[in-house]
Amino acid sequence: GLSFLSGGWVQASKYRFEMSAGGNTKTFSVDSSLSNIGRKALRQYYGTDAQLIWKHGWGKTEVRGEYWTGTQPGTVETTVNPGALPVLPMYIREFDGAFFYFLQNIVNEKWEVMAKYDWYDPNTKVSGTEIGAAGTNLTPADIRYSTIGVGFTHYFTDHLKLLFYYDMVENEKTQLPGFVSDIKDNIFTCRMQLRF
């Protein structure tokens, strides 16, 4: 599959930050023109996805993947789309991200193991110790994260399942306090789901 989203936010602030390279330093540069008020902060995504399933005598093997890239407006602190129009200065970032799943039935369709790899890079123009360098205006909102996950699911019925899953989350190492090394944020999930 292929997908495309083109939209944006109405900018409420005159301050608009975009990436630029001054010498060897990559930084957010500010445009503080009054004409920025009411201007569109571009939100544009390009995506592709694929899914393959092989059925066999004791269940199925499934591989899924999805990749996104584009331009995302945000604030100094986050790239998350807000519930209300932000009045803070606008930060425009180029991003990419993806996830890949492998799911495999074992013994029969009631037992399944899974592995997943994903990443989200909110600012593809910078990486590592460029983030947090003096005068760059780069923040934790620019840090790339990747995750390896492994899990196990048991389907008791078509409506009841039990999941055990472990996420190993890794952030890139930066010059920002608290992010000079990988923070300890792995997650274990045990979930029972009843569908009705």
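Just the residues that are more than 18 Å from the chain's Cα centre (by Cα) and surrounded by 15 or more Cβ atoms within 10 Å (Cβ to Cβ), please, taken from the stretch 67-87. Once the filter is applied, which keeps residues that are more than 18 Å from the chain's Cα centre (by Cα) and surrounded by 15 or more Cβ atoms within 10 Å (Cβ to Cβ), the stretch 67-87 yields only 86. For the stretch 152-160, the count of residues that are charged (D, E, K, R) and touching a strand residue (DSSP E or B) at 6+ places or on another chain (Cβ under 7 Å) is zero.
Taking residue 94, is it more than 14 Å from the chain's Cα centre (by Cα) and assigned to a strand (DSSP E or B)? For residue 94, the condition - more than 14 Å from the chain's Cα centre (by Cα) and assigned to a strand (DSSP E or B) - is not met.
Residue-wise test of (1) closer than 30 Å to residue 50 by Cβ; (2) hydroxyl-bearing (Ser, Thr, Tyr); (3) at pLDDT 90 or above.
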position: 83; (1), (2), (3): no, no, no
position: 91; (1), (2), (3): no, yes, yes
position: 94; (1), (2), (3): yes, no, yes
position: 97; (1), (2), (3): yes, no, yes
position: 100; (1), (2), (3): yes, no, yes
position: 116; (1), (2), (3): yes, no, yes
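Against the condition of a type in the set (Phe, Trp, Tyr) and farther than 30 Å from residue 103 by Cβ, how does residue 164 come out, does it pass? Criteria not met by residue 164.
Taking the criterion of being open to solvent by 50 Å² or more (accessible area, probe 1.4 Å), among the small types (Gly, Ala, Ser), farther than 16 Å from residue 137 by Cβ and in a strand (DSSP E or B), the only residue of the stretch 19-66 that qualifies is 50.
Working only within the stretch 97-141, note down all residues that are under 23 Å from residue 177 (Cβ atoms) and assigned to a strand (DSSP E or B). Don't jump to the end; show me each part of the working.
To start, the set of residues in the stretch 97-141 that are under 23 Å from residue 177 (Cβ atoms) comprises 120-123, 125-141.
Across the stretch 97-141, the qualifying residues are 120, 121.
Per the listing 118, 167, the residue uniquely farther than 30 Å from residue 30 by Cβ, without any contact (Cβ under 8 Å) to a residue 24 or more places away in the chain and among the acidic types (Asp, Glu) is 167.
Could you say which residue among 180, 169, 126, 113 is open to solvent by 30 Å² or more (accessible area, probe 1.4 Å) and either farther than 28 Å from residue 92 by Cα or touching a strand residue (DSSP E or B) at 6+ places or on another chain (Cβ under 9 Å) (or both)?
Values: 180 fails: either farther than 28 Å from residue 92 by Cα or touching a strand residue (DSSP E or B) at 6+ places or on another chain (Cβ under 9 Å) (or both); 169 fails: open to solvent by 30 Å² or more (accessible area, probe 1.4 Å); 126 fails: open to solvent by 30 Å² or more (accessible area, probe 1.4 Å).
The unique qualifying residue is 113.
The values are calculated or read from the model by the stated rules, or taken from the named source; none is laboratory data. Everything quoted here is computed from the prediction, not taken from an experiment. Positions of Cβ are backbone-derived with ideal geometry, glycine not excepted, and every protein chain shown enters the neighbour counts. SASA here: full protein model, heavy atoms, side chains in, ligands and nucleic acids out. Shrake-Rupley method; radii C 1.70, N 1.55, O 1.52, S 1.80 Å.
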